[in-house]
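*Asks:* The structure that follows is given in the form of structure tokens.
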Protein chains: 2
Amino acid sequence: MKVAILGLGTVGSGVLKVIQENQTHIQEQIGEPIEVTHVFGETLLNLHNCDLSGIKQIKTIDELLEEDFDLAVEVLGGIEFTYDVHKKLLNKGVHVVSANKDMLALHIDELAEIANQNKVQLAYEATSAGGVPIVHNLQYTLRANKISRVLGILNGTTNYILTKMTQEGMDFNQALEEASEKGYAEADPTNDVDGFDAQRKITLLSRLAFNRKISVEKVPVQGIREVAVEDIEIGLEHGYVMKLLGLSEFDGKELEISVEPTFLPQMHQLAAVHDAMNAVFVNGNAVEETMFYGPGAGSLETASAIVSDVMEIAEFGFVPNRIPKEAATITDEFTRHPYYVRFNEEKENAQKILADLKLEYDVFEGNHAFTIQTNPLAPKEKEALLEKADVAAIYRITREDK
Amino acid sequence: MKVAILGLGTVGSGVLKVIQENQTHIQEQIGEPIEVTHVFGETLLNLHNCDLSGIKQIKTIDELLEEDFDLAVEVLGGIEFTYDVHKKLLNKGVHVVSANKDMLALHIDELAEIANQNKVQLAYEATSAGGVPIVHNLQYTLRANKISRVLGILNGTTNYILTKMTQEGMDFNQALEEASEKGYAEADPTNDVDGFDAQRKITLLSRLAFNRKISVEKVPVQGIREVAVEDIEIGLEHGYVMKLLGLSEFDGKELEISVEPTFLPQMHQLAAVHDAMNAVFVNGNAVEETMFYGPGAGSLETASAIVSDVMEIAEFGFVPNRIPKEAATITDEFTRHPYYVRFNEEKENAQKILADLKLEYDVFEGNHAFTIQTNPLAPKEKEALLEKADVAAIYRITREDK
């Protein structure tokens, strides 16, 4: 199979390296070589460890479209330009393997349609949770299940920052600085710390899990900039660990979906996912609960997902890309979550407000402002509380799994 | 697709239930119904929730072989009889989906060969770690990787017992009794507590991971009957959690493989796998590390794996079953493990012996007999220690992951 790699940054060079290093292993499995015949990119970054001999370097998309290859690996990033490139490649009749969550979260339904018309595959294991093969598991290994919930730590940068805040008591800015130094955060960390990266991933995963089209811009998102160490510490004293979670739940009709900082019970599998690692926890009506854990990013780690996709296409060829028929109805009405609430109010005031609203709760005792865990709240109850009381911090708590 | 279910115990009835309950969901995905046309079994157990109307009940294999169906789900258990049934079914030209680890660990290479000759599939996701889709992930989603290590909590009964011993200080017998009461242990628990169940599973998984034939009887196995709460507690004080681990490592030439009680660092992902849950941790040269977690047993949970296999065969038909060409060379020579050692010797004696053997170690201080953690030992060094010193307990410690 002849492969063109579009984009020669960290991930692109990882793809080249994995194909070259594991070539014998790859051929043993699929019975034919994977041959990188073209690379597309203006500059060649991070390629000091790769052998580019015999690979044609292409500088414009028009030139690339004239060339002969079977599959394109798209690791260019960006939205408008790449959206256009995908359409051209699919219409040329080549398979596309992409890691581009930003673009695919917006355009996957249309692109999958174009892929099907051209009888080629659009694969995207690497878009969500990097090296964790969650896309494939939602598509295949859990397919006997009606899936009811997807809960994911989907962004390595924020998980690294929250781990440092939790384990070492750093504040957000210190932890972000360390993440930048270690290469876990980009120069402009907005996409990560404000939750947009996770928002795109939970959108792509929920679309597969629940077989519904989802408009990414309708998915509520809250990042971790405002998270105070104080709340992490109070939570920890009471058995909770804070994670930035993409959460979606589906009852067969309506979808609840969001990204927000969330307290998890310390015994929950996801609470033990540290540093820049990612993991996705899935509930289904047969398997009950299952989790997939691994590296959320990295050159070779992401390439693991991409090259596995390439090998699958080499072995199986075109398999119709699954496209949801219906659009999701997004709501926040059918689930109830308990909340962690730290008040700016005096204890007596807060208690009076809670009594007026008829809310039940447990008090988190300790040497800090009045803080409680509520019983599960309906969205309107939460709104009413925020209207009546001066609240310093409020975070969702996930309901216990069995 | 017409399906016959062979075996009507806990898992068989789960398969029927998942197919019936999720029928609409199944058809949406694969475009055709899965129709259970036959059940084979002497008695109908646990079927109070299942609808058997329209399903033909067959009492002998000879009769079954005369019937018309496309795929057999084998959840009979047992070895000799089932081995024979598999051969007959495959030679009849029907696909087989099996949960039978005991039989397949012995005969998979031969049966896969027969399946290939008949252009049918032999699928066995449910054999290893129940509802955890590890077979599929080793076959497909991690396929770009050269896999170097598989580390698994593969038996729910022993993990339940060790969890009780660790969290509640129960001794082995108390914990086994509780496991029996809760339905996690069978009347004769030998297969589980002596490690044979895990031995079969690590054999099947390692065969896939490293593409080598493996003789299950050559895999060293040590169960948990002799594990003392005292050692669990000393380990815990020093940051280690005890698990019954199937471990295999492969350097491209030789294979180290075993099942034994092992101390894991408390921060290791597998240390947080509690009760009857299972998980498999896999290291590969691209993905570095990844883990798959879920229920190790249960009626619907195991059916999740089986029905997903059935759906995959319904969608893709025959895909050649991968059969390793070479047999594994099993060794214990290429890896070195640190060990936890509690002595019956007086401290001074033990220290003298360790000095004579030139072994380096850290002392586990505390109000207990002299106990150490060794530096990584070669097998001969471990043997020499056991020969010279009176050792009360010795357990492998896994090397740290990054």
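*Asks:* What number of residues within region A:15-46 satisfy the criterion of being at pLDDT 95 or above, surrounded by 16 or more Cβ atoms within 10 Å (Cβ to Cβ) and assigned to a loop (DSSP other than H, G, I, E, B)?
*Replies:* 2
*Asks:* Still on this model: In the set A:Glu125, A:Glu74, which member is touching a helix residue (DSSP H, G or I) at 6+ places or on another chain (Cβ under 6 Å) and among the acidic types (Asp, Glu)? Quick ask: steps written out before the conclusion?
*Replies:* Values: A:Glu74 fails: touching a helix residue (DSSP H, G or I) at 6+ places or on another chain (Cβ under 6 Å).
Every option except A:Glu125 fails the conditions.
*Asks:* Out of B:Phe334, B:Phe343, which single residue is modelled with pLDDT of 95 or more and over 22 Å from the mean Cα position of the chain (by Cα)? If you could, list the steps in order and put the result at the bottom.
*Replies:* Numbers: B:Phe334 fails: modelled with pLDDT of 95 or more.
Among B:Phe334, B:Phe343, only B:Phe343 is modelled with pLDDT of 95 or more and over 22 Å from the mean Cα position of the chain (by Cα).
*Asks:* Take the residues of region B:361-402 that are surrounded by 13 or more Cβ atoms within 10 Å (Cβ to Cβ) and of a type in the set (Asp, Glu): which is nearest to B:Leu247 (Cα to Cα)?
*Replies:* Among those residues, the one meeting the criterion is B:Asp401.
*Asks:* Same structure, new question: Would you be able to say whether some residue in region B:323-346 is surrounded by 15 or more Cβ atoms within 10 Å (Cβ to Cβ), more than 27 Å from B:Ile257 (Cα to Cα) and small (Gly, Ala, Ser)?
*Replies:* No: zero hits.
*Asks:* I'd like the residue in region B:168-190 that is in a helix (DSSP H, G or I) and free of Cβ contacts under 8 Å to residues at least 12 places away in the same chain and, out of all such residues, is nearest to B:Val150 (Cα to Cα).
*Replies:* Among them, the one singled out is B:Thr190.
*Asks:* Scanning for something more than 19 Å from A:Asn321 (Cβ to Cβ) and touching a helix residue (DSSP H, G or I) at 6+ places or on another chain (Cβ under 7 Å), does region A:81-90 turn up at least one residue?
*Replies:* No, region A:81-90 contains no residue that is more than 19 Å from A:Asn321 (Cβ to Cβ) and touching a helix residue (DSSP H, G or I) at 6+ places or on another chain (Cβ under 7 Å).
*Asks:* Would you pick out the residues in region B:268-282 that are more than 7 Å from chain A (Cβ to nearest Cβ) and over 17 Å from the mean Cα position of the chain (by Cα)?
*Replies:* Answer for region B:268-282, where residues must be more than 7 Å from chain A (Cβ to nearest Cβ) and over 17 Å from the mean Cα position of the chain (by Cα): just B:His268.
*Asks:* Test each condition in (1) within 23 Å of A:Asn283 (Cβ to Cβ); (2) in the same structural domain as A:Gly235 (by TED's automatic domain parsing); (3) touching a helix residue (DSSP H, G or I) at 6+ places or on another chain (Cβ under 7 Å); (4) assigned to a helix (DSSP H, G or I) for A:Leu138 and report the one that comes out false.
*Replies:* (2)
*Asks:* Moving on. It is to be established whether one or more residues within region A:351-358 are under 30 Å from A:Val273 (Cα atoms) and aliphatic (A, V, I, L, M).
*Replies:* So far as region A:351-358 goes, no, none of its residues is under 30 Å from A:Val273 (Cα atoms) and aliphatic (A, V, I, L, M).
*Asks:* For region B:283-314, what are the residues that are at pLDDT below 95 and not hydrophobic (A, V, I, L, M, F, W, C)?
*Replies:* Of everything in region B:283-314, those that are at pLDDT below 95 and not hydrophobic (A, V, I, L, M, F, W, C) turn out to be B:Gly296, B:Gly298, B:Ser299.
*Asks:* Across region A:346-367, what is the total count of residues that are assigned to a loop (DSSP other than H, G, I, E, B) and either of a type in the set (A, V, I, L, M) or without any contact (Cβ under 8 Å) to a residue 60 or more places away in the chain (or both)? Before you say what the answer is, go through the steps one by one.
*Replies:* Of the residues in region A:346-367, the ones assigned to a loop (DSSP other than H, G, I, E, B) are A:346, A:357-360, A:364-367.
Now drop any that are not either of a type in the set (A, V, I, L, M) or without any contact (Cβ under 8 Å) to a residue 60 or more places away in the chain (or both), which leaves A:346, A:357-360, A:365, A:367.
Of the residues in that region, 7 qualify.
*Asks:* Another question, if that's okay. Just the residues that are away from chain B (no Cβ under 13 Å) and either among the β-branched types (Val, Ile, Thr) or buried (at least 24 other Cβ atoms within 10 Å of the Cβ) (or both), please, taken from region A:132-150.
*Replies:* The one that is away from chain B (no Cβ under 13 Å) and either among the β-branched types (Val, Ile, Thr) or buried (at least 24 other Cβ atoms within 10 Å of the Cβ) (or both): A:Val150.
*Asks:* Looking only at region A:286-310, which residues are more than 7 Å from chain B (Cβ to nearest Cβ) and of a type in the set (S, T, N, Q)?
*Replies:* Selection gives A:Ser299, A:Thr302.
*Asks:* Oh, and also: Can you give me the number of residues within region B:284-298 that are among the aliphatic types (A, V, I, L, M) and closer than 18 Å to B:Ile202 by Cβ?
*Replies:* 2
*Asks:* Say we look at region B:191-210 and pick out the residues that are of a type in the set (Asp, Glu) and part of a helix (DSSP H, G or I); which of these is nearest to B:Met291 (Cα to Cα)?
*Replies:* B:Asp197
To keep it simple, each residue is scored yes or no on (1) more than 22 Å from B:Gln139 (Cβ to Cβ); (2) modelled with pLDDT of 95 or more; (3) surrounded by fewer than 19 Cβ atoms within 10 Å (Cβ to Cβ); (4) away from chain A (no Cβ under 14 Å).
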{"site": "B:Ile224", "(1), (2), (3), (4)": "yes, yes, no, yes"}
{"site": "B:Gly235", "(1), (2), (3), (4)": "yes, yes, no, yes"}
{"site": "B:Val241", "(1), (2), (3), (4)": "yes, yes, no, no"}
{"site": "B:Gln266", "(1), (2), (3), (4)": "yes, no, yes, no"}
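*Asks:* Which of (1) at pLDDT 95 or above; (2) touching a helix residue (DSSP H, G or I) at 6+ places or on another chain (Cβ under 6 Å); (3) of a type outside the set (Ser, Thr, Tyr); (4) surrounded by 15 or more Cβ atoms within 10 Å (Cβ to Cβ) does A:Ile58 not meet, given it meets every other one?
*Replies:* Going through the list (1) at pLDDT 95 or above; (2) touching a helix residue (DSSP H, G or I) at 6+ places or on another chain (Cβ under 6 Å); (3) of a type outside the set (Ser, Thr, Tyr); (4) surrounded by 15 or more Cβ atoms within 10 Å (Cβ to Cβ), A:Ile58 breaks only (1).
*Asks:* Every residue in region A:209-222 that is surrounded by fewer than 23 Cβ atoms within 10 Å (Cβ to Cβ), touching a residue at least 24 places away in the same chain (Cβ under 8 Å) and more than 14 Å from chain B (Cβ to nearest Cβ), please.
*Replies:* A:Lys213, A:Ser215, A:Val216, A:Lys218, A:Pro220, A:Val221, A:Gln222
The values are calculated or read from the model by the stated rules, or taken from the named source; none is laboratory data. Please read all numbers here as calculations on a predicted model, not as lab measurements. Cβ atoms come from the backbone with ideal geometry, glycine included; neighbour counts cover every protein chain shown.
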